[in-house]
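All remarks here apply to the structure that follows.
The values are calculated or read from the model by the stated rules, or taken from the named source; none is laboratory data. Note that the structure is a prediction, hence the values are computed from the model and not measured. Every residue, glycine among them, receives a Cβ derived from its backbone with ideal geometry; neighbour counts consider all protein chains shown.
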Amino acid sequence: MKNSEVLERGDQVIYVPDHAKGDVTHPDCEKGFVTTDQGEDAFVRYFSKDMDRSDLLRTKANSERTPKRLLIRQKHHTVRFVESLMEEYCDRQ
């Protein structure tokens, strides 16, 4: 993703580290959703990578600052589900 692209609160993304070379199926990739766009970076809440618990958040207390160049927009959960997690775990904006 280009740093100039604007991400909206709730946008679903996949973090793709440099060593994954764009492969969203790489085991080090992480699914999440944006809580705040900060220019070159975004704050993201990430889901568990455990396949049996992929609907649970790994980052409940805080969002993680992530360079936007390492994020790809991709829907992986329902919008309603992500909205419910934002309501439960994220500060209202």
Over the range 32-54, the set of residues farther than 12 Å from Glu64 by Cα and touching a residue at least 24 places away in the same chain (Cβ under 8 Å) is Gly39, Glu40
Asp41 fails exactly one of (1) more than 27 Å from Ser4 (Cβ to Cβ); (2) modelled with pLDDT of 95 or more, namely (1)
Expected single match for modelled with pLDDT of 95 or more and of a type in the set (A, V, I, L, M) among Ala61, Ala20 is Ala20
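Keeping to the range 14-56, report how many residues are hydroxyl-bearing (Ser, Thr, Tyr), over 20 Å from Asp91 (Cα atoms) and surrounded by 11 or more Cβ atoms within 10 Å (Cβ to Cβ).
Taking the range 14-56 and keeping what is hydroxyl-bearing (Ser, Thr, Tyr), we get 15, 25, 35-36, 46, 48, 54.
Adding the requirement that they be over 20 Å from Asp91 (Cα atoms) leaves 15, 25, 48, 54.
Then keep just the ones that are surrounded by 11 or more Cβ atoms within 10 Å (Cβ to Cβ); that gives 15, 48, 54.
Qualifying residue count, the range 14-56: 3.
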Please verify whether the range 42-57 includes one or more residues that are part of a loop (DSSP other than H, G, I, E, B) and touching a helix residue (DSSP H, G or I) at 6+ places or on another chain (Cβ under 8 Å). yes
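Going through the range 76-93 one residue at a time, which ones are over 18 Å from Pro27 (Cα atoms) and touching a residue at least 12 places away in the same chain (Cβ under 8 Å)? Explain how you work it out, then say what you get.
So the first thing to find is which residues in the range 76-93 are over 18 Å from Pro27 (Cα atoms), and the list is 77-93.
Residues satisfying the conditions are His77, Val79, Phe81, Val82, Glu83, Leu85, Met86, Tyr89, Cys90, Gln93.
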Conditions (1) surrounded by fewer than 17 Cβ atoms within 10 Å (Cβ to Cβ); (2) free of Cβ contacts under 8 Å to residues at least 40 places away in the same chain; (3) not in a loop (DSSP other than H, G, I, E, B) -> Arg69 fails only (2)
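Answer with yes or no whether Leu85 is touching a Lys or Arg at 6+ places or on another chain (Cβ under 8 Å), part of a helix (DSSP H, G or I) and surrounded by 13 or more Cβ atoms within 10 Å (Cβ to Cβ). Give the steps one after another, and end with the answer.
Working: touching a Lys or Arg at 6+ places or on another chain (Cβ under 8 Å): yes; part of a helix (DSSP H, G or I): yes; surrounded by 13 or more Cβ atoms within 10 Å (Cβ to Cβ): yes.
For Leu85, the condition - touching a Lys or Arg at 6+ places or on another chain (Cβ under 8 Å), part of a helix (DSSP H, G or I) and surrounded by 13 or more Cβ atoms within 10 Å (Cβ to Cβ) - is met.
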